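Here is the structure we will look at.
Every read-out reported here was derived from the displayed coordinates using simple, explicitly stated rules and does not represent laboratory data. Every value quoted in this text rests on a predicted model; they were computed, and no experiment measured them. For neighbour counting, all protein chains shown are included, and Cβ atoms are generated from backbone atoms with ideal geometry for every residue, glycine included.
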């Protein structure tokens, strides 16, 4: 469905001024490769600033990559432009994090959901009734009802707005849905309901999801496969269970340790000191070496490559190649 | 498993102009004043006792309250009330027309520069900087020097003066909007830049631009009167408040009403527009709602 | 874990904080009682609008008036009623015996002040130190908080620091005067989970060494689990359950707590479906004679609609505001 090869996105460190030019680059996404199969749910987990949202937007070409290649449904979309680029919106859609900002405050819910149908001319120009029927159908599909079509976004709760965002995204029957922290802004009970809605939609429509989240337990709940990102790089990938049972990268291990709910105790977990490194011109070596409890000389010198473990499980750490020994 | 319906009762705000008026006193006061002046201007041919340019040499400088001249007469014996009523027309035109036209142009230019960015942004915004650098009064003088004085040319120069600030305000709003998730959502939906400008950007930048325009109307009344006062606007004998102040200048010490009355009219209309502008700004500012 | 014999530090009785809005009176906090022992770490859990933050702000007497006002109750802190103090006395107490950490650290730091000066200012104000010793003390506190390279941090401006670092600076300010109680209002919510874990660890260690009590409000079950020995669950302005943290996760005794726990995906119960609660919480302006959770409760009986269940000790140390607490205890599936 989606194949991403060595994808990289660099930004200038500061906005381009008329006279100033900062040569430093923010490496938001740095050489990331992965694949999402048809109907598969792949979660991207990482902390703020790790580049996961950028990755999601690159994958469906809402952003232009600096280098690398993206194939969607077999066609190379890396450098599509104009009309051809707009065409992929029928295959890949996105649901945003912010249920308040992602709906036009002056458009009714119905108009927002109908928008992708109209701009892509999926119905005849004059066929308002057919569009309205489709909007009603979509509203019901996401657990709202036809009466909501006439409401404005500010009249709805956060959970309801997010459902509108979902209805808009599935309006064109996409094959791939990028979900960018879709429940992070919701209250716990709304969060659970929206997660269940995603599961249900996925089962019924057979869409593939690229589910971006900072919450490992949400990823474990939703995904078939999980990609763990740190400072613009993938550090570990693997099936949900493989990752849960045997996380291999020290960062993944710390994430799991921090996210254990029922058994968690501050005194027992692996605590990482410090903060993630600045993505501006990172130092050579492993990006995690500043916080890693096992870091050694090799980690500051060389960047670890992704080493394949069993069954699609892989991690990028010198511990796994024998170049470094586990401390403590 | 069935989807849990999320249906919460929601009150819809009802459009109640009267409640709006009582809550926003400045809108009420402003619209009352402006409406009064508009009626005066529209009904001038019906209500005014004389022709505005009708000269009565025997009744020169009649004071306020003289029989036949409710507000007195000027030094040519023209009825002050009549001239004030007719003069409202040019003041209103100057306040409203250049603003409306420049707002439309500013919206278009600002939306293009703000949303498309790149070359269009550089060309439009740097061009605006150049025009913005010209003192408005100099520009007005330049326009009337080349095209000649008169109401139309005055409005033309005001429009030129107003386009840069209007464009800038819209531009700022659009640059902010462009970062909003719903604009990105429209892009993700497959909309072209043109479609996004029309369906997402313009509807959301309309309110702040209108609010800004409304806040300038009062200043335009004063500015237009000033241009006519120095003789570059409305030409005699046509009635205009700024012109009338100038007419009364020579007799200011003896017969102050000739200058003071149009001055007062300018003040009242400008204040009315300012009240209205403040009210509209508050009303359209989403932070002021609820 | 029991702190029964410990000295009582804070006692809140019948606290009611209402907000007077155009849409009516919002009863954000409507009858909250609890006590907190010296050195105890108490978590106040609830979703947005449950009244947890308003409770915290009420104790600090920082509720914005208008529209908010504390309309009833007593807040006894070290024996004196905070609600009876005048503003000057309250101001002296804030930042010395009683301090607060907020959710958005960058917003609370002065953007044009070096963080060392910022911490030192509190010390100069409340502990009467001179500038030099205050700066040295600020450095010592940052070391205590395990801030990496504190010598550089004291010279930095807030915008040069990460969110986690800013929060550590705010914590340093909060503990600089060795207060008896630190109130942390969603203090780690904006932070990443690994940073959050490290800050929670520092916070718990620190309260243990200094004997400071901690009142922590959060919507995040994980945070309570890690940092608090006792927890109170709030819903619609009232406490619905209160017990030791372990008990809450093993065998909750209120249907709302159960609903909340069933709404959170947990790594340990992998593969289990989430069972979200139906419906929405009542509006804070609603006046309900019965239980506020009635409309969403799977155990509801007609009695619950007309009679409000009081918070009662249903088992030793286990308080629940449900007529059917024992039934609720059996209802929970064996996920934990």
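On C-alpha positions alone, give me the angle between the axis of helix B:25-42 and the longest principal axis of chain B, in degrees, nearest 10.
Value to nearest ten degrees: 50.
In deg cm²/dmol, rounded to 500, what helix-only [θ] at 222 nm does the protein assembly as shown give when every DSSP H run of at least 4 residues adds -39500 (n - 2.57) and the total is split over its residues? Don't skip to the answer; put the middle values down first.
Numbers: 35 runs with 412 residues, N = 954.
Taking each H run of at least 4 residues, the total per residue is -13500 deg cm²/dmol.
Can you grab the distance from the C-alpha centre of segment C:191-218 to the C-alpha centre of segment B:160-188, Å, no decimals?
44 Å
Based on the Cα gyration tensor of chain B, what are the three equivalent ellipsoid semi-axes, each the root of five times an eigenvalue, rounded to whole Å and given largest first?
On the way: eigenvalues 404, 129, 31 Å².
The three semi-axes for chain B are 45, 25, 12 Å.
At 0.36 nm per residue, minus the direct Cα-Cα distance, what do residue B:100 and residue B:206 gain on full extension? Give it in nm, one decimal, please. Display every interim value, and only then the final one.
Details: separation 106, 0.36 × 106 = 38.16 nm, distance 1.20 nm.
Gain on extension, residue B:100 to residue B:206, equals 37.0 nm.
For the pair residue C:127 and residue C:278, what calculated FRET efficiency results from E = 1/(1 + (r/R0)^6), where r is the Cβ-Cβ distance and R0 = 51 Å, to the nearest 0.05?
Details: r = 53 Å, r/R0 = 1.03.
Given R0 = 51 Å and the Cβ-Cβ separation, E is 0.45.
If r is the Cβ-Cβ distance from residue C:149 to residue C:306 and R0 is 41 Å, what FRET efficiency results, to the nearest 0.05? Intermediate values should be presented prior to the final figure.
Details: r = 62 Å, r/R0 = 1.51.
E(calc), rounded to 0.05, equals 0.10.
Using a/c under 1.5 as the rounded threshold, could you call segment A:163-264 rounded, prolate or oblate? The axes a ≥ b ≥ c are square roots of the C-alpha gyration tensor eigenvalues, and prolate needs a/b larger than b/c, oblate otherwise. It would help to have the intermediate numbers written out before the result.
Numbers: a/c = 2.10, a/b = 1.62, b/c = 1.30.
Here segment A:163-264 falls in the prolate category.
Assuming a viscosity of 1.306 mPa s and a temperature of 10 °C, what translational diffusion coefficient in µm² per second does Stokes-Einstein assign to chain A, Rh being the Kirkwood radius over Cα pairs? Walk me through the numbers on the way to the answer.
Working: Rh = 21.2 Å.
In µm²/s, the coefficient rounds to 75.
Taking neighbour Cβ counts within 10 Å as the exposure measure, how do C:323, B:182, B:273 sort from fewest upward? Don't skip to the answer; put the middle values down first.
Details: C:323 19, B:182 24, B:273 27.
If I rank by nearby Cβ atoms, fewest first, I get C:323, B:182, B:273.
Counting pairs of alpha carbon atoms under 8 Å apart in space and at least six apart in sequence, what relative contact order in percent does chain C give?
It rounds to 20 percent for chain C.
If you take each beta carbon of peptide A:215-224 and count the beta carbons of other chains within 10 angstrom, what is the mean?
Details: counts 4, 3, 9, 3, 2, 6, 10, 1, 0, 0.
Mean number of neighbouring Cβ atoms from other chains: 4.
Only Cα pairs within less than 10 Å get springs; with that Gaussian network setup on chain A, which residue of A:176, A:117, A:80 has the largest fluctuation?
Of A:176, A:117, A:80, the Gaussian network model singles out A:80 as fluctuating most.
Using alpha carbons only, how many angstrom separate the centre of segment C:258-286 from the centre of segment A:112-146?
Segment C:258-286 and segment A:112-146 have Cα centres spaced 31 Å from each other.
By how many degrees, between 0 and 90 and to the nearest 10, does the Cα long axis of helix A:188-205 differ from the longest principal axis of chain A?
Orientation of helix A:188-205: about 80 degrees from the principal axis.
With a 10 Å Cβ neighbour count serving as the proxy for reagent exposure, in which order, fewest first, do C:126, A:154 appear?
Numbers: C:126 19, A:154 14.
Least to most surrounded, the residues fall as A:154, C:126.
What FRET efficiency would be calculated for the residue pair residue B:116, residue A:25, taking the C-beta separation as r and a Förster radius of 22 Å, to the nearest 0.05? Present the calculation step by step, with values, prior to reporting the outcome.
Numbers: r = 25 Å, r/R0 = 1.14.
Once the sixth-power term is evaluated, E becomes 0.30.
Taking chain B as a Gaussian network, Cα atoms linked when under 10 Å apart, which of B:185, B:219, B:73 shows the biggest mean-square fluctuation?
Most flexible of the set in this elastic network: B:185.
Calculate the mean, over all residues of peptide C:219-226, of how many other protein chain Cβ atoms lie within 10 angstrom of the residue's Cβ.
On the way: counts 2, 2, 4, 8, 2, 1, 7, 9.
Shielding by partners across C:219-226 averages 4.
Using the count of nearby Cβ atoms within 10 Å as a rough guide to exposure, how do C:118, B:241 rank from fewest to most? Could you put the intermediate results ahead of the total?
On the way: C:118 20, B:241 29.
In order of increasing Cβ crowding within 10 Å: C:118, B:241.
With an 8 Å Cα cut-off and a minimum separation of 6 or more residues, compute the relative contact order for chain B in percent.
On the way: 419 pairs, mean separation 69.5, N = 290.
Once normalised by length, the contact order is 24 percent.
In degrees between 0 and 90, to the nearest 10, how far off the longest principal axis of chain B does helix B:257-284 point, with axes built from Cα atoms?
With both axes taken from Cα atoms, the answer is about 10 degrees.
For segment A:2-320, what relative contact order do you get, as a whole percent, if you take Cα pairs closer than 8 Å and at least 6 residues apart?
Numbers: 592 pairs, mean separation 66.5, N = 319.
It rounds to 21 percent for segment A:2-320.
Picking from C:207, C:136, C:177, which is most flexible by a Gaussian network model of chain C using Cα springs under 10 Å?
Its mean-square fluctuation being the largest, the pick is C:136.
Separation of segment C:96-167 and segment B:213-249 by C-alpha centroid, Å?
60 Å
Considering the zone a paramagnetic label at residue A:200 would reach in this model (a point 7 Å from Cα along the Cα-to-Cβ line), which residues of segment A:134-156 have amide N under 18 Å from it?
In segment A:134-156, the label zone of residue A:200 (backbone N under 18 Å from the point 7 Å along Cα→Cβ) covers A:135-149.
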